[in-house]
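Below is one structure; the comments refer to it alone.
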Amino acid sequence: MKNVYSMKIIIKFLVIILLFTSCKPEAKTDGYVINGNAKGIYNGIRVFLKTLDQSNKQIDIDTAIVMNEKFTFKGKVSGPEMCFLYINSVNGNLPVIIENSEINIDIDKDNLTASKVSGTNTNEALNTFSVKMKELIEKRRNLNLSLREAAQANDNEKTTALNTELSNLNLEATNFPFEFINNNRDNYYSLILMESMLKNKNADFQKIINTYQNIDENLKTSVKGNEISAQIESIQKILEAQKRTEIGEFAPDFSAPTPEGKMLSLKEVKGKITLIDFWAAWCGPCRRENPNIVKAYEKYHDKGLEIIGVSLDGNMRQTDPKAAWVKAIEDDKLTWHQVSNLNYFNGPIAKMYNIQSIPSSFILDADGKIVAKNLRGPALEAKIAELLN
């Protein structure tokens, strides 16, 4: 079951890549010309060229009409751009990289994704990568069918062998995008592929960062190369924050204003056990968890428990975030130390601790080392009791 779950994650990643991606000298022009050979497509059928915005919403770029089994798009782009071709009455869509050159497309009227794009090295790379991805997906489908049959037949030996084969396929699928980029360090498609990989939450970000360092300098200095560099810089900060706040690490010190406007630091608060509680007045789950924290504080404060609440109030929906913060402290009877920069998730402490959602919490021992994270209710009280009793 572990192999099947792992493969589902990888195949989801592969499908995402395919959605964003199907050698002769390129004929450079002042703009792009897309020549479509649409054999079997009737006159008057519309062809659409679309792209995706930052929120993955489709945006129309241009429309053409099939005449005499052909269509043409003309235009100009500042740099290679991933687009998708759609044809009325034809299933699927076709990824195509638009760049200022002549691009030829042979349409498969039965399945648009099976159409062939040629004319530029970037599209040739896209096609090579896509073919391999489809091959891996087909292998996975066949393996799952065989695995199901072996399980139904109670053939344990075959099931074990197939699970091993599935694990090997997982590894091949995971490594192939990196291998492809390393073998195509000077191809612009490697940047497009890397960009799609960065959107996958399950990606090995450190491996992507290392791979980016190995691509050609002319790609790094391109517009998209600089965009990816900025994304990587942001991810590196997150990875560094994650490392700083792993269990066993010393909690990073911080200081921020109290409700009275005085600066208070973590080191001023530390007890035998210290709880850093990230919350906000606007956060329903946080407010529902507050009674549990109140109970734990009343029970264990005299034994050495200290708490510092870090509020992430300050979102745009709050007309007076400080007033909301102070009222929530009073309403929920939070009698321990409280600080906030009133800057939502953009506050320096939230970034330092890589807070992506709240409530979030960290339990520190007397030395300031992180011993537990994100415990709630009975689990939180049980851990505090374990550390203090």
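The values are calculated or read from the model by the stated rules, or taken from the named source; none is laboratory data. All values reported here derive from a predicted model rather than from experimental measurement. Every residue, glycine among them, receives a Cβ derived from its backbone with ideal geometry; neighbour counts consider all protein chains shown. Accessible surface is based on the protein model in full, side chains and every heavy atom, while ligands, DNA and RNA are left aside. Shrake-Rupley method; radii C 1.70, N 1.55, O 1.52, S 1.80 Å.
The table below lists the values:
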read-out: Solvent-accessible area, 1.4 Å probe, carbon plus sulfur percent, for the chain; value: 49 percent
read-out: Shape category assigned to region 67-172 from the gyration tensor of Cα positions, a/c cut at 1.5; value: prolate
read-out: Per DSSP, loop trypsin sites (Lys or Arg not before Pro) in region 227-331 with at most 13 further Cβ within 10 Å; value: Lys262, Arg317
read-out: Within region 65-149, trypsin sites (Lys or Arg not before Pro) in DSSP loop having at most 11 other beta-carbon neighbours inside 10 Å; value: Lys76
read-out: Region 25-77, accessible area per residue, ligands and nucleic acids excluded (1.4 Å, Å²); value: 65 Å²
read-out: Extreme residue, positive dipole direction of region 330-372, given options Leu334, Phe362, Ala350 (C-beta unit charges); value: Ala350
read-out: 1.4 Å probe accessible area per residue over region 135-230, in Å²; value: 54 Å²
read-out: Placed amide H near Lys270: partners under 5 Å, 5+ positions off or other chain; value: none
read-out: Rounded to whole Hz, the Karplus (6.51, -1.76, 1.60) HN-Hα couplings of region 182-196, x for glycine and proline; value: 5, 8, 9, 5, 9, 9, 4, 4, 4, 5, 5, 5, 5, 4, 5
read-out: Helix-only mean residue ellipticity at 222 nm for the chain, each DSSP H run of n ≥ 4 adding -39500 (n - 2.57), per residue, nearest 500; value: -14500 deg cm²/dmol
read-out: Accessible area expressed per residue, region 295-389, with surrounding protein chains retained (probe 1.4 Å, Å²); value: 50 Å²
read-out: Under-5 Å amide H pairs with Gly314, H placed in peptide plane, nonlocal only; value: Tyr344
read-out: Cα gyration tensor, region 285-326 - rounded (a/c under 1.5), prolate or oblate; value: prolate
read-out: DSSP bridge pairs, the chain: antiparallel proportion in percent, nearest 5; value: 70 percent
read-out: Three semi-axes of the equivalent ellipsoid, the chain, Cα gyration tensor, whole Å, largest first; value: 52, 27, 20
read-out: Taking region 186-230 and dividing mean pair separation by its residue count, relative contact order in percent (alpha carbons under 8 Å, at least six apart); value: 49 percent
read-out: Over region 267-389, volume per residue of the alpha carbon convex hull, in Å³; value: 96 Å³
read-out: Dipole magnitude (debye, nearest 20) for region 65-170, charges at Cβ of Lys, Arg, Asp, Glu; value: 180 debye
read-out: Qualifying GluC sites (Glu not before Pro) in region 233-296, DSSP loop, other Cβ atoms within 10 Å at most 14; value: Glu246, Glu249, Glu260
